[in-house]
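Trainee: Have a look at this one before I ask anything.
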Amino acid sequence: MIVAQLCLTVLAVSPAVQANSQDSLASAVTRAPAVRATRLAGQLTVDGIPSEAAWQTAGPVTDFIQLLPYEGTAATERTEVRVLYDDDALYIGARLYDRAPDSVASQLARRDRVARSDRFIVYLDSYHDGRTGFFFGVNAAGTLYDGTLYNDEWDDDTWDGVWDGSAVRDSLGWSTELRIPYSQLRFQKGGDYRWGINFAREIARRNERDYLVYRPSNGSGFVSRFVALEGMQDVTPPPRLELLPYFTTRAEFLGHEAADPFNDGSRYAAGAGADLKLGLGANLTLAATVNPDFGQVEVDPAVVNLSDVETFFEERRPFFIEGASIFEFGYGGANDFWGFNWANPTFLYTRRIGRAPQAEEPDADYTEVPAGTNIIGAAKLSGKVGSWSLGALNAVTSREHGSFALGDRQWREELEPPAYYGVYRAQKEFDGGTRGLGAIATTTARAFDSEPLRDQLSSTAFTLGVDGWTSLDRDRVWVVTGWAGASRVAGSRERLQRLQEGSVHYFQRPDAGYLGVDSSATSLAGFAGRVTLNKQKGDWMFNSALGLVDPRYEVNDLGFQSRGDQLNGSVVVGRRWTKPSRHFRSFRLNLATFRTYNFGGDLTWDGYFLTGVYQLNNFYDGRWFVAYNPPSFSDRQSRGGPLMLNPPGVEWDFQLTSDANRRWIVGLALHGLDYSRGADQSWSIRPSLAWKPGGRFSLELVPELQRSRTAAQYVDTFDDPLATGTFGHRYVFAELDQTTLSASLRLDWTFTPKLSLELYAQPLLSSGRYAGFKELARARSYAFNAYPDPTPTEDPDRIVVDPDGPAGPAPAEETDDPNFSLASLRGNAVLRWEYSPGSTFFVVWTQNRSDTETIGGFDTGRGLSRLGRAAGDNIFLVKVAYWWNP
């Protein structure tokens, strides 16, 4: 389904990157002269009250312009910002007047978490390259926000600098002070410095956003519009060294059976490690970690995946997400990207590093297997040298073993060999960012002691890619962005055969004459690429893309790739209305068409897509789409078998969310699809409710109910020379009736800007009943031959399917009973205390419990009862980290 695989990237990620009018921008720039910093004489106390006499020596910045709700008009409240500096830091002081000071919203939240609160943000382009920078913000309750800016318009809040900020409410409104050490910035040594700077103020109760300069919504560029920060002299970039040692203690209380030799119900462990950040010159930073522990991160949600595509989980580990934008590939230059049925392969998916052991586990009564591969150490180099952005990531993981018991026998077996992972990234910008050229290379190498592992994992894997962009006109209205990549994987013949027959490639497809499994191969090499044309500015939008992935392209050792063998193209035309009307504050309408072929020339997807994105005058945000997909062919549904017909169908979606700056926030999401011949019919409803009753507490509940009926869900494949219509194989399918009920619950309690408690829980009940077993009748069709009902075996989890019954010539086959019923609960609670700048103390409780059975009927009461009886795993973690900056 196209929309299920739709990759729409709306790259207006910072509040400061949104705006509405080209003319108002020119006006704003005219009224925004350079900001001048004044050298500080003496000391300042960062208490949120800019009352020291030194602040009066700096000239105030007051000319703020509204972005929302009425773009281009003067801000409704007066704001004064002053800038000071000394040999160690930059100081920002802001007085944010408000004629109704009691109405200033000031909700506490954990760092970087959006809250219902007024907020002040400063943006710095310390390289003065018009492309990159930093942002630092404080809300009226004292919550801190920070991150990095890149590609002129995008931001990334995963970076957490060590700096000071404070805010105070008073009878005039509120005020804030920020102290930003130079050690947290990157800049070239000079005499008279000239940086880029911008300020933003948000007034929550009015949904108002005011800026010194901003990007219009029908334009492009944000960092490149900053005004100059002048007046800084005789400042030297300081040496940068940060050390963060940590200590952990863990107690695990696990569900177990009495006869389990590896698990008596409890397990205790302690650990230690350290993170290091070292400045290499003024612009490069080396970050390293030894024996990292990420026990404080949020657990992954439970999923029921019946497809042949691996589930993609977001990276949550701080070492890998911080500064990850420098490794982004193929997206520079343009501000909008669309992908319809385009399975974009990524060169770097850091969840590969430290993942669960990959070896196939032997049959055993009891097992003890590590949840993840231990990361011995990792190092990351990032920064900018001249106009070059550089990044490198290296990691080493250890050899991992599992323990197994079968009857009276016990043994250990290697499940993962030691491995090295490396990523190298470079990108150069030309002509102020109008053009760019970059490259990326990755490598994975494993050292085997176990011969069976050689047949399951690749020994080496390499990728190489180049990317770039260029503006086609002086005003940067039209931009072409593109990338090209190559891969090479090596291993044993058995490993390469598995790879060729795996779900990414399916070289064994019997009617794909251009493919074929090479059982003697010890390497696999392929190529991929994509080019995009995007219109950056104006009320009319245009985006067109063409991409291809060679059948032999493979990046899953360190990247993420769901399929190869695709030629994909799309065209999107849109119109946006940015001036408020009777009902809408803004509205955007897009119409698209797209097609995907495989390298054999088969049309594997086709469609037309209409979508709207809007904001109502009451600040409700909504979006919808409807898509029609004409008939095409699937080269994946038979899981390595012949082509099958994709019947035509319609898919639709509707979402609406109330004003995010209110005490109560409600939302509703509806989704449905209907394909002819009953091929696929489903609907889902996902209401949401968020409650923010006061300044410290918030609660969010998002339940979801999904119902689906699939006429041909894949079950298994059997060899049979009698199956002449399907090349000597029987591809068995069944009708699947599935119901899933789930919810996510979040509770945040922020006691102070430094102390917070977060709870997350996800209960899930999902059942699927299989009936009407059948086999594909012939290739390139959606015709099936019905089977008699399956018969049970002595094993309650196995069934027998027989194509023509006991009297027929076709042999009966035994397979797993596909019926399922899953009851799961995952959650954790995290108490976080930043007891001094950069130093943290965590107390974490994680629980995971689940129960499965081969009963396909959905029964909420039964599922909850099973969940209550299931033995849960409870893990308690205490982690202390101390930030040391000599």
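The values are calculated or read from the model by the stated rules, or taken from the named source; none is laboratory data. Remember, predicted model here, so these are calculated numbers, not experimental data. No Cβ is skipped: glycine too gets one built from the backbone with ideal geometry, and neighbour counts run over all protein chains shown. Each accessible area value is taken on the protein alone, full model and side chains, heavy atoms only, with ligands, DNA and RNA left out. Shrake-Rupley method; radii C 1.70, N 1.55, O 1.52, S 1.80 Å.
Trainee: For the residue pair Asp170 and Ser307, what label-to-label distance in nm results when each label sits 7 Å from Cα along the Cα-to-beta-carbon direction?
Mentor: In this crude spin-label approximation the distance works out to 5.6 nm.
Trainee: On full extension of the chain, what length is gained from Ala228 through Ala829, given 0.36 nm per residue of separation minus the C-alpha to C-alpha distance?
Mentor: 211.9 nm
Trainee: Region 773-867: which trypsin sites (Lys or Arg not before Pro) are DSSP loop and have at most 11 other beta-carbon atoms within 10 angstrom?
Mentor: Here no loop site has a sparse enough neighbourhood.
Trainee: Another one. Which one of Val480, Leu453, Gly516 has its Cα pushed farthest toward the positive end of the charge dipole of region 446-538, where Lys and Arg give +1 and Asp and Glu give -1 at the Cβ?
Mentor: Val480
Trainee: Which order, highest average first, do 712-721, 183-192 follow once you tally other Cβ atoms within 10 Å for each residue and take the mean per peptide?
Mentor: 712-721, 183-192
Trainee: Filter the chymotrypsin sites (Phe, Trp or Tyr not before Pro) in region 591-659 down to the DSSP loop ones having no more than 14 other Cβ atoms within 10 Å, then list what survives.
Mentor: When the chymotrypsin sites (Phe, Trp or Tyr not before Pro) of region 591-659 are filtered for loop state and at most 14 Cβ neighbours within 10 Å, nothing remains.
Trainee: What spacing in nm lies between the two simple spin-label points modelled at Lys428 and Gln410, each 7 Å away from Cα in the Cβ direction?
Mentor: Each label point is offset 7 Å from its Cα along the Cβ direction, giving 6.1 nm.
Trainee: Pop the C-beta distance of Ser836 and Asp47 into the FRET formula with R0 = 22 Å and round what comes out to the nearest 0.05.
Mentor: The pair Ser836/Asp47 has a calculated efficiency of 0.85.
Trainee: A further question on this structure: What is the calculated FRET efficiency for Tyr882 to Ser403, with r their C-beta to C-beta distance and R₀ = 41 Å, to the nearest 0.05?
Mentor: E between Tyr882 and Ser403, to the nearest 0.05, is 0.70.
Trainee: Just going by the charge dipole of region 370-502, with Lys and Arg at +1 and Asp and Glu at -1 on Cβ, which of Gln497, Ala426, Phe404 is farthest out on the positive end?
Mentor: Final value for the positive-end residue is Ala426.
Trainee: Here's something else I'd like to know. Probe of 1.4 angstrom, ligands and nucleic acids ignored: what's the accessible area per residue over the chain, in square angstrom?
Mentor: That works out to 41 Å² for each residue.
Trainee: If R₀ is 41 angstrom, what is the calculated FRET efficiency for the pair Phe527 and Asp112, using the beta carbon separation as r and rounding to 0.05?
Mentor: The calculated FRET efficiency here is 0.60.
Trainee: At a Cα cut-off below 27 Å, give the lysines reachable from Lys692, other chains included and same-chain residues fewer than 8 away excluded.
Mentor: Within the straight-line cut-off, Lys692 pairs with Lys754.
Trainee: If you don't mind, there's one more thing I want to ask. If you roll a 1.4 angstrom probe over the protein chains with everything in place, what fraction of the accessible area of the chain belongs to carbon and sulfur, to the nearest %?
Mentor: 55
Trainee: Considering the dipole of the chain built from charges on the beta carbon (Lys and Arg +1, Asp and Glu -1) around the Cα centre, which of Val844, Tyr760, Trp833 is farthest to its positive end?
Mentor: Highest projection toward the positive end goes to Trp833.
Trainee: Using a cut-off of 11 Å between beta-carbons, work out the net charge of the residues near Asn283 (Lys and Arg +1, Asp and Glu -1, Asn283 not included).
Mentor: Net charge in that neighbourhood comes out at +4.
Trainee: On to the next question. How many times 2.2 N^0.38 Å is the alpha carbon radius of gyration of region 284-324?
Mentor: My calculation over the Cα atoms of region 284-324 gives 1.58.
Trainee: Modelled label-to-label distance, Val385 and Arg707, 7 Å Cα→beta-carbon offset: nm?
Mentor: Roughly 6.2 nm, to one decimal.
Trainee: Right, here's the next one. Of Lys537/Lys579; Lys380/Lys537; Lys428/Lys579, which sit over 26 Å apart, Cα to Cα?
Mentor: Lys380/Lys537; Lys428/Lys579
Trainee: Apply the Karplus curve 6.51 cos²θ - 1.76 cosθ + 1.60, θ = phi - 60°, to the phi angles in region 582-599 and return the couplings in whole Hz, x for Gly and Pro.
Mentor: 4, 10, 10, 7, 7, 8, 9, 10, 10, 10, 9, 9, 7, 8, 9, 10, 9, 6
Trainee: Shifting gears a bit: Suppose every Lys and Arg Cβ carries +1 and every Asp and Glu Cβ carries -1, with no other charges. What dipole size does region 594-656 come out with about its Cα centre, to the nearest 20 debye?
Mentor: About 100 debye.
Trainee: For Trp664, what charge total do you get from the other residues with a beta carbon under 12 Å from its beta carbon, if Lys and Arg give +1 and Asp and Glu give -1?
Mentor: Here the charged neighbours net out to +2.
Trainee: Which residues among region 861-880 fall inside the zone where the amide N is under 18 Å from a point 7 Å beyond the Cα of Ala761, along Cα→Cβ?
Mentor: 861-876
Trainee: Kindly provide the chymotrypsin sites (Phe, Trp or Tyr not before Pro) of region 491-582 that DSSP labels as loop, not H, G, I, E or B, and whose Cβ sees at most 14 other Cβ atoms within 10 Å.
Mentor: Tyr514
Trainee: Might you report the magnitude of the Cβ-based charge dipole of the chain about its Cα centre, with Lys and Arg at +1 and Asp and Glu at -1, to the nearest 20 debye?
Mentor: 3260
Trainee: Right, next: For the ranges 531-537, 834-840, what's the packing order if you count other beta-carbon atoms within 10 Å of each residue, average per peptide, and put the highest first?
Mentor: 531-537, 834-840
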